[in-house]
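Notes to accompany the following structure.
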Ligand code: SF4
Ligand code: SF4
Ligand code: FES
């Protein structure tokens, strides 16, 4: 299983100029438009370092001086998820997107677009609030708040640790949502609770349901996941697992939550 | 020194200011679909397998018996020609279904109900998706898309198929053939050939529609069976999903083969000769002999 499809590494021409075709937008509700920027890329550049060059000298290929292109980023090492955007038509992190791979020859073109499933704040910067809201929907946390010291929690076995570690590496980047045909842009917050929750939240529900203390909230999570916008809304296209940069087995999580929800429904039927 | 904290005012409906959610979705004033969301989703999934999928397997087995019946039937008592043995076998199968299966009409109506339920909900659910195979041309994504296309076209085909052969809407049949259960094979051959003489272009068009319809519906069933195992949480690991995928592929391939063989068998059959066999089998004496066989 490969994550984002990458062009195989070729020897890149040194001192080449690469064109960045960027889908821009001046603010929420404003129309989008495309602009080209030509950037002289040093060896080992990535998309963010090129965006920094564009910000320093925001002149389009046509010679017009424009407002700098806005983007979001944080860690610059593919662990925070903030810099996620659509590069050459596919979603991925821009900080780890190496120009030597994507545009090895002089004159190559790279297109940058903001993710389409989240509202654009400006240019390449989107508002991922819904992604975090959906984590709150399924209470993706371990409940340890109390009025007294709860003491040490139950032990985790190394075996369960091994299976669950990878689930914990989710960085809330949104790739799985951008590529999912069942997850659509929804700007109306009142619709969020009845719209598809997304593979990331389903996978986090699996992680916290498996946690000895986190499992206290399992019935709450499964109630949400069996409802409208829950795991049943998944159409099994399995794009999510293809694009997840952390190689999280999202489709296994979906099936696992499917089983938990099935059993939950049966037990609710008999126990009320 | 004075420290000043600058706290931005969060909108009242900012995500962590909102309490979760389930109370809202299962509120009594929520719509019928929302209140019974899980049940309807899972009934939709189940109805595709039982009864619809099971019926489809059975239906294809019966129809293809016109071909494999050549091997299964004993030395013919009524006609010497081996090519006709398949049609004899098929005739007996159809006769058995129409005379021995109890409450046939109830079964049929229940089946139509299940198909209506499955397709109406299917349209509703399919409307929640958006196609993106252009950007993410993964095999799984194509299957997701094909599952919806085959649903849309499949239900059109089922309607045409049932309306023309069961409800007698002969104006939709080139040549105007009226299908009848006593002459099931010969009338079906006439439907697929476009009349009682040679194969016409209109007949070929009908046959092509049958070919596409059967192919799409079998795909829809096999792929739906595969995804249902994920939805219900039966196949969890990627390996088990892959293994079950092979099983569904095998089942689907076998069913497609049955469907294609059936269409081919009836398309190349000579309606006049088949009708002779059927007339002989349907004569009071033959029916009596058959009853005595039992
Ligand atoms: S599951 Fe993967 S793709 Fe989805 S948000 Fe987490 S890290 Fe990103
Ligand atoms: S498997 Fe489900 S969650 Fe993943 S991309 Fe497909 S529809 Fe979306
Ligand atoms: S900046 Fe954190 S993932 Fe790219």
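No value in this document is a laboratory result; all are computed from the given coordinates. These figures come from a predicted structure and were not determined experimentally. Cβ sites come from the backbone with ideal geometry, for glycine too, and all protein chains shown count toward neighbours.
Per-residue Cβ neighbour counts within 10 Å put A:108, A:72 in the sequence A:108, A:72, beginning with the fewest. Highest mobility in the GNM of chain A, judged by mean-square fluctuation with C-alpha springs under 10 Å and restricted to A:123, A:100, A:145, is found for A:145. The overall shape of region A:16-126 is oblate: from the C-alpha gyration tensor, with semi-axes ordered a ≥ b ≥ c, the ratio a/c is 1.5 or greater and a/b is no larger than b/c.
Among DSSP beta bridges whose residues both lie in chain A, state the antiparallel percentage, nearest 5. Taking every DSSP beta bridge with both residues in chain A, the antiparallel ones total about 85 percent. Who wins for biggest fluctuation among A:186, A:78, A:64 in a Gaussian network model of chain A, springs between alpha carbons below 10 Å? Ranking A:186, A:78, A:64 by mean-square fluctuation puts A:64 first. Here the spin labels are modelled as points 7 Å beyond Cα on the Cα-Cβ line, and at residue A:61 and residue A:141 they lie 4.8 nm apart.
Classify region B:52-290 as rounded, prolate or oblate, taking a ≥ b ≥ c as the square roots of the eigenvalues of its Cα gyration tensor: rounded when a/c is under 1.5, otherwise prolate if a/b is larger than b/c and oblate if not. It comes out prolate by the Cα gyration axes. Each of A:39, B:109, A:166 was scored by other Cβ atoms within 10 Å of its Cβ. Listed from fewest to most, they are B:109, A:166, A:39.
Ellipsoid semi-axes for the protein assembly as shown, based on the Cα gyration tensor and the rule √(5λ), read 57, 31, 20 Å when sorted largest first.
For region A:137-217, what does the alpha-carbon gyration tensor say about shape, rounded, prolate or oblate, given a ≥ b ≥ c as the root eigenvalues, a/c under 1.5 as rounded, and a/b over b/c as prolate?
Since a/c reaches 1.5 but b/c is at least a/b, the shape of region A:137-217 is classed as oblate.
When the Gaussian network model of chain A links Cα atoms closer than 10 Å, the mean-square fluctuations of A:124, A:217, A:167 top out at A:217. Measuring between their Cα centroids, region B:171-209 and region B:96-143 lie 26 Å from each other.
Hey, what number do you get for the protein assembly as shown at 222 nm if only DSSP H runs of n ≥ 4 count, each worth -39500 (n - 2.57), divided across all residues, to the nearest 500?
Details: 21 runs with 284 residues, N = 566.
My calculation for the protein assembly as shown gives -16000 deg cm²/dmol from helical runs alone.
The ellipsoid that matches the Cα gyration tensor of region A:88-194 has semi-axes, each √(5λ) in whole angstrom, of 36, 22, 12, with the longest given first.
Potential lengthening of the chain between residue A:150 and residue A:17 amounts to 41.9 nm, from the contour at 0.36 nm per residue minus the alpha-carbon distance.
Just how far, in whole angstrom, is region B:213-266 from region A:195-261 if you go by their alpha carbon centroids? Result: 25 Å between the Cα centres. Compute the acute angle (0 to 90°) between the alpha-carbon long axis of helix A:158-168 and the principal axis of greatest extent of the alpha-carbon atoms of chain A; round to the nearest 10°. On a 0 to 90 degree scale, this one is about 50.
Can you put A:250, B:208 in order of Cβ neighbours within 10 angstrom, beginning with the fewest?
Result, fewest neighbours first: B:208, A:250.
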